[in-house]
Amino acid sequence: MNIELVRLTSAYREQLFDMLTEWKNDILVNHTDMSPWKIWAHDFHDFDAYMKNLDTTEETKKDWVPDTTLFCLDKDRDILVGAVNIRHYLNEKLLKTGGHIGDGIRPSERRKGYATAMLALALDECKKLGIQKVLICCDKDNIGSAKFIINNDGILENEVEEDGQMKQRYWIQF
């Protein structure tokens, strides 16, 4: 597997459209999760505005902290296979159930090992930001997410309820 995390530039416009169009159709048909939420916060068809609003550089809203959104590029096939949103620190809401990292893999590339490898790269980015202990949360019934978190040395701390759904909270320490 030959992947890297990249910042979105105009060079990846077509790859982004291809990935998000596939993903959006899956969401509409199968009602799948929209994680990481940040890649859906703005209309990707307005590419310039999308790129401009992808990262949060300061606390702009009550529950938002500075973050960085990166895309997982399969370099051999020149396609985007997923995305991660890294929150630079945790506020009260993120500490409860959001965590430092939101992630997702496009539907056609799931169950191929990309999530585990992408999370390892995202953890390297966390180290660069000076984050020594990373919190990653997932729905209790999302066995695939729990598996790739555990594969990256995630240790389950506890489970909490949010909006009627149980969330698992995993920590990865460097």
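The values are calculated or read from the model by the stated rules, or taken from the named source; none is laboratory data. Predicted model only: the values in this text are computed from it and were never measured. When we count neighbours, we look across all protein chains shown, and the Cβ atoms used for this are built from the backbone with ideal geometry, even at glycine. The accessibility values were calculated without ligands, DNA or RNA, using every heavy atom of the protein model including side chains. Shrake-Rupley method; radii C 1.70, N 1.55, O 1.52, S 1.80 Å.
Summary table below
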quantity: Solvent-accessible area of ARG77 with every protein chain in place, 1.4 Å probe, in Å² to the nearest 10; calculated: 110
quantity: Global form of the chain, assessed from the alpha-carbon gyration tensor, a/c cut-off 1.5; calculated: rounded
quantity: Which of LEU5, LEU129, LEU123 is most accessible, then next, and so on - probe 1.4 Å; calculated: LEU129, LEU5, LEU123
quantity: Under-5 Å amide H pairs with GLY82, H placed in peptide plane, nonlocal only; calculated: CYS72, ARG106
quantity: Reachable lysines from LYS127, criterion Cα separation under 29 angstrom, eight or more residues apart if same chain; calculated: LYS38, LYS52, LYS61, LYS62, LYS75, LYS93, LYS96, LYS112, LYS140, LYS147, LYS167
quantity: Solvent exposure, largest accessible area first (probe 1.4 Å, DNA, RNA and ligands not counted), of ARG110, ARG87; calculated: ARG110, ARG87
quantity: Unit charges on C-beta of K, R, D, E only; dipole of the chain, Debye; calculated: 320
quantity: List PHE44, PHE174, PHE17, ordered by accessible area with a 1.4 Å probe, largest first; calculated: PHE174, PHE17, PHE44
quantity: With DNA, RNA and ligands ignored, accessible area of HIS42 (1.4 Å probe; Å², nearest 10); calculated: 80
